[in-house]
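No lab work stands behind these numbers, since they all come straight from the coordinates. Here the structure is a predicted model, which is why all the values come from computation and not from measurement. So basically every Cβ, Gly included, is an ideal-geometry build from the backbone, and we count neighbours across all protein chains shown.
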Amino acid sequence: MPRLTETEQQEIIRYLEADKPLPDKFRFLLFADKREVELVWNGKTNEVTNAVLPFQVIEQIDEPRAESLKADAPLFAWAGVSLDSRGRQLKGWSNKLIWGDNKLILASLKNGPLREEIEAQGGIKLIYIDPPFDVGADFSMDIEIGGDTFTKKPGILEEIAYRDTWGKGADSFIAMIYERLILMRDLLAEDGSIYVHCDWRVNSYMRLVLDEIFGKDNY
């Protein structure tokens, strides 16, 4: 920690005696903070959810074609996945489409029982995310069926989820993606890669967030 000058010491004393918070500059003078550049927004926090929710199987679609099945086929494993005689996956964390809020899913993968299985298989080597681009709450789309065009309007749940979660401006969007990226970083293997799809609206913010979480040398 660098030695404080007499002027800096007196300034700190004045703030403390007045029961006022210290200016941000003293964070770097008083504490060993290696971050030279930092993105700051309203409500920023490093806290992330640690929820662990149970996953429920809704549907399995991993059975091979009937003509390729053998009644006496033994139990075997393919690519580290345990399969039964029909070719259906018995257990494992791979080959799953998980439906739900990705923040809760990431937290459950990080803190739940599947974490050990993931790490035993070498960890997650690739993450690709395609988040909303802070474009507003309009999720309507045109769908062509035959010669007719229909407009699919957003449902009430879509509108409420967008508005309440990250539809309040850039700071709410960054807060939303920041927590999720921290969870992804904690799940990603040391030699893993992450690809983030974004557009011009949040590109500059996203780069700074990624540099802060993953380190600028890992770009």
Net charge of neighbours whose Cβ lies under 14 Å from the Cβ of residue 179, counting Lys and Arg as +1 and Asp and Glu as -1: 0
Cα centroid separation - region 117-132 against region 177-219, whole Å: 13 Å
